[in-house]
Amino acid sequence: MFSPCFSEGFGRGMDIELCGKPFWLHGIRGTVHGVCQWSEQSTYRPPIGSMAVGDTLFVDIPAEKTLFTREYQRFWVVAPDGRQFQVGLKCPVREGQEVCLVWGNLQGRKTGRILYVRNLSTGQSTLVSNTLPLSVVMTDASRMAGRLLKGVLGFGLLFVCLMILIGLVSRLIPHGEASSLRMIALLAMVVNLGVLVGGIALLRVVLRLFRNRQQALRTLSAILNSNPRFLESL
């Protein structure tokens, strides 16, 4: 999918905050031209089956199945001052309608991706969730993921040390096999506990990513929908 980056220097600007990070927004207002839509299908054909009955061979050729269909759209937005932007984005627009495009990124980044489309002719709005900067979505989650990684490495080191200790006990201590079996049972309990704690920590990281994304989208939607003057000034 064509996903353009737009410069901070084009269009009108507004500074906001997303998930505690300084963010800039810019945009353009213009007319839709050259709308082009197409789709691509991913298909799968099951293996051919056969069965012999006496001297007759029956062959079953299954029909091709569609796994999923991807729809694409591309159009131009032409501003009154002559600026033209090509957009690769699936959203409800038609030829000749007036739209506002808003793109942005973190402060200090010179280019940004489209985050919001407002169809002024129909009043419909589209938030583009998959173009949010990763650093916004990863707010606090990166720190949690770092702690999780350190815990996994520490647990792995502890596991190796315990395995070495079990081997030494079984070889050097008389009747060490019995002690080794008890230590192995204890190690199995520790492993199960580590997997449980690690799974909970990983789930917390995933939930944080989801919450950050939802919070950023809600903030972006509230700011843009409550600032009609910004969209009118583009």
Problem - Residue pairs meeting the criteria (Cβ under 6 Å; at least 6 apart or on separate chains; first farther than 18 Å from Leu217 by Cβ and modelled with pLDDT under 85, in the stretch 110-126; second assigned to a loop (DSSP other than H, G, I, E, B) and among the charged types (D, E, K, R)) - result: Lys110/Glu8
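Do you know which residues across the stretch 95-113 are more than 23 Å from Met14 (Cα to Cα) and in contact with a Ser or Thr (Cβ under 8 Å, 6 or more places away or on another chain)?
Gly96, Gln97
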Problem - The one condition in (1) assigned to a loop (DSSP other than H, G, I, E, B); (2) modelled with pLDDT under 70; (3) surrounded by 14 or more Cβ atoms within 10 Å (Cβ to Cβ); (4) not aliphatic (A, V, I, L, M) that Thr139 fails to fulfil - result: (2)
Exercise for the section: Scan the strands (runs of 3 or more DSSP E) fully inside the stretch 1-104 and keep the ones with 1 or more residues being under 23 Å from Ala222 (Cα atoms) and at pLDDT below 85. Expected result: 5-7, 12-18
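Quick check on my filter: what residues within the stretch 202-229 are part of a helix (DSSP H, G or I), over 19 Å from the mean Cα position of the chain (by Cα) and under 21 Å from Cys19 (Cα atoms)?
Pass one, the stretch 202-229, residues part of a helix (DSSP H, G or I): 202-225, 228-229.
Still in the running and over 19 Å from the mean Cα position of the chain (by Cα): 222-225, 228-229.
Across the stretch 202-229, the qualifying residues are Ala222, Ile223, Leu224, Asn225.
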Practice task
Could you list, in sequence order, all residues of the stretch 199-221 that are more than 20 Å from Asn130 (Cβ to Cβ) and surrounded by fewer than 12 Cβ atoms within 10 Å (Cβ to Cβ)?
Solution key: Gly199, Ile200, Leu203
Exercise for the section: Of all residues in the stretch 29-49, count the ones that are surrounded by 12 or more Cβ atoms within 10 Å (Cβ to Cβ) and of a type in the set (Ser, Thr, Tyr). Expected result: 1
Handout entry: Selection count, the stretch 43-90, where residues are closer than 18 Å to Asn119 by Cβ and charged (D, E, K, R)
Key = 3
Exercise for the section: Could you check how many residues of the stretch 77-121 are under 14 Å from Ile28 (Cβ atoms), exposed (fewer than 13 other Cβ atoms within 10 Å of the Cβ) and not charged (D, E, K, R)? Expected result: 4
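The values are calculated or read from the model by the stated rules, or taken from the named source; none is laboratory data. What you see is a predicted model, and the numbers here were worked out from it, not measured in a lab. For neighbour counting, all protein chains shown are included, and Cβ atoms are generated from backbone atoms with ideal geometry for every residue, glycine included.
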